[in-house]
Structure formats: structure tokens, C-alpha cells
Amino acid sequence: GEGKLELKTTTGGTSAAKMTINGAGLATFTGATTTAGTVTASGDMKFNSGYGSAVVAYGCRAWVNFNGTGTVAIREDGNVSSITDHGTGDYTMNFAVNMPDVNYAICGTTVGTTDTYYNQIFGHTNSALAVGSTRFRTANSVDPSSPQDSTHNHVVIFR
């Protein structure tokens with residue numbers, strides 16, 4: 001139709017739209033019977049993961065899995081350019097692509113250097129949040145006031 005683009009499939013003589021982009025730029029992806037996902041003109045991605053409707057997806061903007069003992073070594077990452085080691089249990093996660101602002105959420109898990117305890121990830125101060133990086137520390141869950149290097153650190157940023 002005028003002002004829109006449709007991609008269709010035909011099965012047994014019946015045609016069904018599988019992807020539609022309307023004149024306003026809204027892209028809709030249709031599954032067997034329901035909307036599987038949309039991308040709005042403003043760039044919001046929405047998808048239906050079997051919950052009955054397509055809603056905005058808030059994606060992970062950055063993540064890292066790294067060894068924080070000795071020389072810091074990134075195992076795998078997404079949108080992380082490097083980890084800065086400031087000393088025992090004190091790190092900065094540097095983003096490859098800046099965040100749009102400092103209103104992001106940080107989550108993380110970490111495992112200590114022995115099997116007898118788990119470490120925890122703690123933020124520094126609000127001033128440690130920046131669009132290009134975030135600083136955090138790891139400490140033993142038994143004594144959170146004592147920074148501790150960790151063998152397995154897993155940090156994610158949502159925005």
C-alpha cells in the first residue's frame with residue numbers, strides 16, 4: 001500500500017504480512033498470530049517473548065567478565081574498552097561507546113580467590129559515575145569494609 005512496505009509469506013495460497021514498515025517509520029514483525037516485535041520511529045525496540053504483547057526492551061548497554069587478580073584480564077565483554085585497576089579490589093570499567101547520561105544501573109557478581117567466600121561489588125560515590133566509565137570495588141562478603149581482588153567479576157550496565 002501507499003506509504004508502507006510489507007514483506008509477506010504465502011502458504012497454501014494464503015498471504016500473510018510478516019514485516020511492515022509504515023510511512024511514520026514504525027516497523028512491525030508478526031509471528032504466527034501475534035505481533036512478535038516492533039521498532040518505533042523514535043527507535044524504541046519492543047518485542048513479545050511469549051508474554052502476550054510487545055513491550056519496550058531495555059537492553060544491556062555494556063557488560064564484562066574479567067579476572068581482577070594480578071594483571072587484570074578481560075575474558076569477554078560488550079561495549080567495554082578496558083578495565084583500570086586502581087589497587088586491591090578497586091576498578092574502573094571504561095566504555096567503548098559512552099552512555100547517553102549517568103542515569104544507568106549497575107549490577108554485578110563476583111567470586112573471591114578461594115571457595116570459602118563470595119565477594120560483592122560496591123559502588124564508590126555518585127561522582128564515580130560518568131558517561132564514559134564507572135568505578136566500583138569488590139570486597140569480601142564477610143568483611144565488606146576490606147577491598148578484595150576477585151578472580152571472576154561480572155558487571156552489567158542497563159540504561
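The values are calculated or read from the model by the stated rules, or taken from the named source; none is laboratory data. Treat the numbers as computed from the prediction; the structure is a model and nothing was measured. Every residue, glycine among them, receives a Cβ derived from its backbone with ideal geometry; neighbour counts consider all protein chains shown. Accessible surface areas use protein heavy atoms only, side chains included; no ligands, DNA or RNA. Shrake-Rupley method; radii C 1.70, N 1.55, O 1.52, S 1.80 Å.
Under a Cβ-Cβ cut-off of 14 Å, what is the net charge of the residues other than Thr28 that fall near it, where Lys and Arg count +1 and Asp and Glu count -1?
Summing Lys/Arg as +1 and Asp/Glu as -1 gives +2.
Quick one: net charge of Ser146's neighbours, Cβ under 15 Å, K/R +1, D/E -1?
Net charge in that neighbourhood comes out at -2.
Given the whole protein assembly as supplied and a 1.4 Å probe, what does the accessible area of Ser141 come to in Å², nearest 10?
It works out to around 50 Å².
How would Phe158, Phe66 rank on accessible area, largest to smallest, probe 1.4 Å?
Greatest to least solvent exposure: Phe158, Phe66.
Taking 8 Å as the Cα distance limit and 6 or more residues as the minimum spacing, I'd like the relative contact order of the chain as a percentage.
This gives 18 percent for the chain.
So how exposed is Leu7, as accessible area in Å² (1.4 Å probe, rounded to 10)?
90
Which part of region 79-100 falls in the paramagnetic zone of Val72, meaning amide N under 17 Å from the point 7 Å along Cα-to-beta-carbon?
Of the residues in region 79-100, 79-99 have backbone N under 17 Å from the label point off Val72.
Quick one: if the Förster radius is 35 Å, what FRET efficiency do Leu7 and Ser145 give, using the C-beta to C-beta distance and rounding to 0.05?
Approximately 0.05, to the nearest 0.05.
Which entry in (1) 19.0, 62; (2) 21.9, 70; (3) 14.2, 41 is this structure's computed Rg and Dmax of the Cα atoms in Å?
(2)
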